[in-house]
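Have a look at the structure below, then the notes.
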There are 4 protein chains.
Amino acid sequence: MLVTGGTFDKEYDEIRGELFFRNTHLPELLRQGRCALDLAVDELMMVDSLQMSDADRERIAAACADCPESRVVVTHGTDTMVETARVIAAHRLAKTVVLTGAMVPFAFGSSDGLFNLGSALSFVQVLPPGVYVAMNGRCFAWDDVRKNRSTGRFEPIA
Amino acid sequence: MLVTGGTFDKEYDEIRGELFFRNTHLPELLRQGRCALDLAVDELMMVDSLQMSDADRERIAAACADCPESRVVVTHGTDTMVETARVIAAHRLAKTVVLTGAMVPFAFGSSDGLFNLGSALSFVQVLPPGVYVAMNGRCFAWDDVRKNRSTGRFEPIA
Amino acid sequence: MLVTGGTFDKEYDEIRGELFFRNTHLPELLRQGRCALDLAVDELMMVDSLQMSDADRERIAAACADCPESRVVVTHGTDTMVETARVIAAHRLAKTVVLTGAMVPFAFGSSDGLFNLGSALSFVQVLPPGVYVAMNGRCFAWDDVRKNRSTGRFEPIA
Amino acid sequence: MLVTGGTFDKEYDEIRGELFFRNTHLPELLRQGRCALDLAVDELMMVDSLQMSDADRERIAAACADCPESRVVVTHGTDTMVETARVIAAHRLAKTVVLTGAMVPFAFGSSDGLFNLGSALSFVQVLPPGVYVAMNGRCFAWDDVRKNRSTGRFEPIA
């Protein structure tokens, strides 16, 4: 699992009244899900996907390529998840890579993060090599998905 | 989705200080997961799986057979989930059936229910026909899984 | 109870990734606290206390004066709670008025809102007429309290 | 603060599917409430108040008498809270003692524990010596309160 930040990991700064990043909540999520998969969590960066640079995306793609695993889940902000999926896909890796994220921070009461994580970790185990986006219980090929900014849902382009 | 009860749906009766069943939390879980799948939720029964009779298990198998869908998720208590899986498997349906449950009630703070639901709904979309158990982020064939009662984890028999 | 907004009632807008106000969570908080007090909740405004105008503060003071109750709790953003307390105090009402708020929105997992509400509703029942701020389990007279902006705690001035 | 157990501190045993006691959640509750009071937490026992013996109640009363503080909050199961209050009152201490509890375990999502704790800690600071029960946002003298077992609410006897 490659952690890159996104809403998933945002927290509330009670002194300044703002959202911010501290550490990833992934280990806590995996514990809550009683996840028994043998997996490594690598916190690659901790950024809002709207602030993500091209260099950041290349770094994520390189991490997917360089890790010994052949199945990789990337947690990512939802706003530019599809762009990063495209950059990873351009590397034509012989790996199954599934990107996922959350609409509501895990630190808040009713986050979709745990559901999406369960979903992404399941799809990544069974899908053939390729780059996918797992959101809203669905799984999309990287080149047939967009985030509908008015509904907040991911949907096929076609 | 066929709802049969289990820890998933247990609530705390604050008058009697006991756990009990009321209504299924499935629709709430699906909403929290921002699930966009087109699915029907059928509350078949609402029982503790330790109390489940053979007739109950046959009723679940019949519901899997009779529903128009070819992909079915069954929420079930974890204690006898494997037994029900065996009963469904005996019907040799040309369908993908995934059973899942929870170790901690959804109504409590740190339930694994949302994770397991995301997982089961994902596996059911991609696995070939058969009967499976999805727990702890893993998916098991119905005839190669048992619940380890001391750890609370599901594991392969072999 | 007079509701004026503040962190107490902020929510997370999952489409825009920002905090915002919708409706007050006060009735939900009172229900969760199993509060059996006979009280009226009046949503006066729904603003961030950093955005609160002098006219807003006068409106709050007028509402304290005009309501039939002699004991009033005001929920308020923490940043300018003390300023509003001063404006209410200038009206020299023969009423017990307790202001309270929250450092973390109730909609988030680990809010102090429920604790502060229990505290304010208790102090208001037993304290003599005057204007007070109830935060961090303590109760301060309006003219001997300030918010320490680095710790986020309220403390006596002297 | 004297901790005696009760629903307040119950947890869910995910292996056996039962409620049980482990450690008190009081420090966690105080932290969530951003409580800045200078107080000592003493975990006296960890029992269901239906299981509490006369000897247990005498031990609680003795702890109230023996501690150096003149203001004491006792967390207690709700079912026999009034009985313990009576035992403490028989000691005619020159102290303010407030008993409180919870209808729903803190470890569960929507507990009243934090509200009740904020309430009890506030009443104890301002009430004259005596023994009180703080529940449902109200405070009762020990000899004018009972738990209504059908509604789960505390109410005056008269």
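Just so you know, all these numbers are worked out from the coordinates, no wet-lab data involved. Just so it is clear, the structure is predicted and the values come from calculations on it, not from any experiment. Heads up, the Cβs are rebuilt from the backbone with ideal geometry, glycines too, and the neighbour counts pull from every protein chain shown.
Assorted remarks:
- Relative contact order computed over region A:24-96 (Cα-Cα under 8 Å; 6+ residues apart), in percent: 35 percent
- The protein assembly as shown shape via C-alpha gyration tensor axes, a/c threshold 1.5: oblate
- Cross-linked pairs A:LYS10/A:LYS147; C:LYS10/C:LYS147; A:LYS10/B:LYS10; A:LYS10/C:LYS10: Cα-Cα separations exceed 24 Å for A:LYS10/B:LYS10.
- Inter-copy label distances at B:ARG16 (7 Å, Cα→Cβ; nm, one decimal): 2.0, 4.8, 5.2
- Positive contributions from Lys and Arg (+1) and negative ones from Asp and Glu (-1), summed over other residues with Cβ under 10 Å from the Cβ of B:GLY5, come out at -3.
- Among beta bridges that DSSP assigns inside chain D, antiparallel share in %, nearest 5: 40 percent
- Sequence-distant contacts, meaning Cα pairs under 8 Å at least 6 residues apart, place the relative contact order of region D:1-122 at 34 percent.
- By the beta-carbon count within 10 Å of each Cβ, the least crowded to most crowded order of B:CYS35, A:CYS64, fewest first, is A:CYS64, B:CYS35.
- Taking every alpha-carbon pair under 8 Å whose residues sit at least 6 apart, region C:101-158 reaches a relative contact order of 21 percent.
- As a proxy for reagent exposure, D:LEU117, A:LEU30 were ordered by neighbouring Cβ count within 10 angstrom, fewest first; the result is A:LEU30, D:LEU117.
- Once divided by 2.2 N^0.38 Å, the Cα radius of gyration of region B:20-158 becomes 0.97.
- In nanometers and ordered shortest first, the copy-to-copy spacing of the B:ALA94 label point, defined 7 Å from Cα toward Cβ, is 3.6, 8.6, 8.9.
- FRET efficiency, 1/(1 + (r/R0)^6) with R0 22 Å, evaluated for C:ASN148 and D:GLU69 via beta carbons: 0.30
- Distances in nm from C:MET45 to the matching label points in the other copies, shortest first (labels 7 Å along Cα to Cβ): 4.1, 5.3, 5.9
- Percent of beta bridges antiparallel (DSSP, the protein assembly as shown, rounded to nearest 5): 45 percent
- Inter-label distance, A:GLU155 to D:ASP42: 6.4 nm, where each label sits 7 Å from its Cα along the C-beta direction.
- Measuring r between the beta carbons of A:GLU58 and A:ILE15 and using R0 = 30 Å, the FRET efficiency lands at 0.30.
- The distance separating the Cα centre of region C:34-55 from that of region B:45-93 comes to 51 Å.
- Chain C comes nearest to the axis taking it onto chain B at the Cβ of one residue; that residue and its distance, in whole Å, are C:GLY109, 4.
- Cα-based helix-to-principal-axis angle, A:54-66 vs chain A, degrees rounded to 10: 60 degrees
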